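Worksheet: the structure to be examined is printed underneath.
The values are calculated or read from the model by the stated rules, or taken from the named source; none is laboratory data. Bear in mind the structure is a predicted one, so any value in this text is a computation, not a measurement. Please note: Cβ atoms are built from the backbone with ideal geometry, for glycine as well, and neighbour counts cover all protein chains shown.
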Amino acid sequence: MRRRILTASIFALTIAAAGCGKKEGSNAPDELEVAGVEHEAVFSAPAETPRDEFTYANYQDVRVTHVDLELTLNFDEKVIDGVATLSLEYLNTNAIKVVLDTNDLDIISVEARDNGDYISAAYRLGQDDPVTGASLEIDLPDQADSVRVTYRTSPTAEGVQWLSPEQTAGKEYPFLFTQFQPLFARTMAPLQDTPAVRMTYTARVNTPPEIIVVMSASQDPDGTRDGEYSFDMPQPIPAYLLAIAAGDFGFKAINEHIGVYAEDYILDASAKEFEDTPLMKEAIDELYGPYLWGRYDMIVLPPSFPFGGMENPRLSFLTPTLVAGDKSLTNVVAHELAHSWSGNLVTNATWQDAWLNEGFTSYVENRVMEKLYGNERAVMERALDLEKLKQDVDDADRPELTSLKMPEDLAHPDDAFTQVSYAGGMFFLKFLEERFGREKFDPFLRGYFDAYAFKSITTEEFLAYFEDNLWTDNPNAVTEAEIRAWVYEPGLPDTIEAPVSDAFDNVSAQQRLWLGGEIDADGLETSAWTTHEWLHFLNSLPDEMFTEQYDDLDETFGLSNSSNAEIAYAWYMKAITGGYEPAFQPLEEFLLRVGRGKFIYRLYQALVENGRAEWGRSVYDRARPGYHPIAQRRIDAIFEG
């Protein structure tokens, strides 16, 4: 480990080390004493990567390096019949078993390859856990180099959603899509389902001939629809980045290397909405190095998809709520594309380190928005993100969940996916950018992506790399106390800088006039407002207003029936807290139509908190069959809690 000479910052650092001990709720390791001008590096990578607590896999002894999948999609029974052949690498030469993750799988047979032939292997299924499923322990004769598992999934597999023809736009054929992050790949196949393990894969998928299949792998968008499909992912990825979508949808090229899949009703609009994707890719290429995954395609899924997007390599999954008609929500596309560097290329080794995936990606996303659409848009998006970050910090169940490095005792990996990891991580990197300057920070990030390409790392490994490759040469830019406050201490650090938007200042000035009764809603100068300005206006309204004020806004701008999902959501949140009855019928239609968790979780929570739990439950009972199992679990807890 390199040493560094502390110059002018040594006095401040010594005072900080003596005076800012570990806060209650901190996830930091004990701080090092500063004993003289020259000392060992402040941050060091652990000799051995900490174990992922959400996997049964014995990946520190035997690691899966490749999986061949043979899958048959049975839409009638809502199951996948599969055979998984897993290639093994021995890290411990004394290992006599491999342990895989499963969840709700029917294991039919297990074999191990011995002297070139597959023979029946002894195996044991562990006790089922509601979060992590059950372990599958397979005895390995003579250190077999591969195992083969024949299995069937469950109709209730949490990572797989089956839609009936009636739940699709075309109403003629069924639809299937998967969502495996953070630990649901084990509901589709027996795997080492942890971000610490990367593997290549191939797949052969059989379906009814009228169904087309795409995966997070190489594929031919112009291929024949014949019910038999083959895929290859030559780059090693963690299991959560496996992905399948199957249904009746088309493809439209944006350029030679980028295109979009979608149902016919939204295909042309999606291609138009996302036509700037090649420019986004070029922007990231210039900043952080070439895209290493071959094609980059997107698929717009049915409305029940529970997320804005999912960064499956070569094939991002997207919600139809992004197709607003004005490219105002395409930052999500930039986000999923940016994951091709941060998250897919360099991956968090445990879910405690989720900010390494999401914070870096949010930072890159914002840089792309700035380059393509100007600084003002980037500033507005950061300002909105800061509002959401503050809300998530205030709403956190315990302080430990408000630091970038999450605690070891997470109840579920989903708990790490808050704005703390996304916006908090972005603002930390923005802080470093401002302290070191882009002329130094941009090459540092590019070097980071190069150094850890196709690897899974921890927060501590990043900090050690940061110290060796940026801080050592610029010791006065930041202090140890500042870094620890950002990464390990709960809450928002004092050094976070609130973005200042001239556009938002203008919106706020007009809002004050309207709230004060000096102008009516039709006097607001909104003709040039972007979605971001509308969101700032709506989010900053008082929680309760006079009915006449709600009426004035709604009658003037049609907010209850807005076709922009972000604007509609922001308005419905205000309508719920203020009890504005005319918005509840459109809200009901929204909840029955949209399955994106970002919207529906907080809407149902707001209904419960504002005395409308019975009404909300009646809507949810009708909407629930169309929601993804992940969303069902989250909303069930809202009403049961």
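What the table shows:
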read-out	value
Residue ranges of strands (runs of 3 or more DSSP E) in segment 103-154 with at least 1 members under 16 Å from Ala57 (Cβ atoms)	106-114, 123-125, 134-139, 146-152
Residues being within 20 Å of Val323 (Cβ to Cβ), of a type in the set (A, V, I, L, M, F, W, C) and part of a helix (DSSP H, G or I) - total across segment 581-599	4
Search result, residues across segment 350-389 that are surrounded by 24 or more Cβ atoms within 10 Å (Cβ to Cβ) and not in a helix (DSSP H, G or I)	Thr350, Ala354
Segment 240-260 residues that are outside the structural domain of Ala349 (by TED's automatic domain parsing), paired with ones that are basic (Lys, Arg) (beta carbon under 9 Å, 6 or more apart)	His257/Lys281; His257/Arg295; Ile258/Lys281; Ile258/Arg295; Gly259/Lys252; Gly259/Arg295; Val260/Lys252
Verdict on Ala41 being modelled with pLDDT under 95, buried (at least 17 other Cβ atoms within 10 Å of the Cβ) and part of a loop (DSSP other than H, G, I, E, B)	yes
Residues that are buried (at least 17 other Cβ atoms within 10 Å of the Cβ) and either under 20 Å from Arg63 (Cα atoms) or touching an Asp or Glu at 6+ places or on another chain (Cβ under 8 Å) (or both), drawn from segment 220-234	Met233
Members of segment 621-641 that are assigned to a loop (DSSP other than H, G, I, E, B) and under 19 Å from the mean Cα position of the chain (by Cα)	Tyr627, His628
Odd one out for Ser216, checked against (1) surrounded by 15 or more Cβ atoms within 10 Å (Cβ to Cβ); (2) free of Cβ contacts under 8 Å to residues at least 40 places away in the same chain	(2)
Identity of the residue in segment 301-339, over 16 Å from the mean Cα position of the chain (by Cα) and not in a loop (DSSP other than H, G, I, E, B), that ends up farthest from Ile567 (Cα to Cα)	Pro320
Number of positions in segment 66-90 that are surrounded by fewer than 16 Cβ atoms within 10 Å (Cβ to Cβ) and in contact (Cβ under 8 Å) with a residue 60 or more places away in the chain	2
Selected residue [touching an Asp or Glu at 6+ places or on another chain (Cβ under 9 Å), not small (Gly, Ala, Ser) and not assigned by TED's automatic domain parsing to the domain that holds Ala423] from Asn331, Asn348	Asn331
Positions within segment 441-483 being outside any helix (DSSP H, G or I) and either farther than 21 Å from Leu241 by Cβ or free of Cβ contacts under 8 Å to residues at least 60 places away in the same chain (or both), in sequence order	Thr472, Asp473, Asn474, Pro475, Asn476, Ala477, Val478, Thr479
Any hit, segment 600-612, residues being of a type in the set (Phe, Trp, Tyr) and in contact with a Gly (Cβ under 7 Å, 6 or more places away or on another chain)	yes
Cβ-Cβ under 9 Å pairs, at least 6 apart or on other chains, segment 615-641 side closer than 23 Å to Thr187 by Cβ and in contact (Cβ under 8 Å) with a residue 40 or more places away in the chain, far side exposed (fewer than 14 other Cβ atoms within 10 Å of the Cβ) and not basic (Lys, Arg)	Pro629/Thr156
In segment 484-520, the residues that are more than 18 Å from Arg435 (Cα to Cα), assigned to a helix (DSSP H, G or I) and not acidic (Asp, Glu)	Ala503, Phe504, Asn506, Val507, Ser508, Ala509, Gln510, Gln511, Arg512, Leu513, Trp514, Leu515
Segment 390-417, residues that are assigned to a loop (DSSP other than H, G, I, E, B) and out of contact with any Ser or Thr (no Cβ under 6 Å at 6 or more places or on another chain)	Asp397, Arg398, Ser403, Leu404, Met406, Pro407, Glu408, Asp409, Leu410, Ala411, His412, Phe417
Residues (within 14 Å of Ala575 (Cβ to Cβ) and either aliphatic (A, V, I, L, M) or outside any helix (DSSP H, G or I) (or both)) located in segment 600-618	Leu603, Ala606, Leu607, Asn610, Gly611, Arg612
Any pair with Cβ under 6 angstrom, 6 or more apart, that starts in segment 94-113 at a residue that is among the aromatic types (Phe, Trp, Tyr) and ends at one that is modelled with pLDDT under 95	none
Residue check, Asp61 touching a Leu at 6+ places or on another chain (Cβ under 9 Å), among the acidic types (Asp, Glu) and either under 23 Å from Ser109 (Cα atoms) or at pLDDT 95 or above (or both)	yes
Segment 539-572: number of residues that are at pLDDT 95 or above and either touching a Lys or Arg at 6+ places or on another chain (Cβ under 6 Å) or among the acidic types (Asp, Glu) (or both)	7
Leading residue by the ranking (farthest from Thr530 (Cα to Cα)) among those in segment 494-511 that are surrounded by fewer than 21 Cβ atoms within 10 Å (Cβ to Cβ) and touching a residue at least 40 places away in the same chain (Cβ under 8 Å)	Thr495
Residues located in segment 446-487, provided they are within 22 Å of the chain's Cα centre (by Cα) and of a type in the set (Phe, Trp, Tyr)	Tyr448, Phe449, Tyr452, Phe454, Phe462, Trp486
Test: residue in segment 585-592 that is among the acidic types (Asp, Glu), in the same structural domain as Gly626 (by TED's automatic domain parsing) and under 31 Å from the mean Cα position of the chain (by Cα)	yes
Looking only at segment 132-157, and only at residues there that are in contact with a Pro (Cβ under 9 Å, 6 or more places away or on another chain) and under 26 Å from Phe75 (Cα atoms), the one that is surrounded by the fewest Cβ atoms within 10 Å (Cβ to Cβ)	Thr156
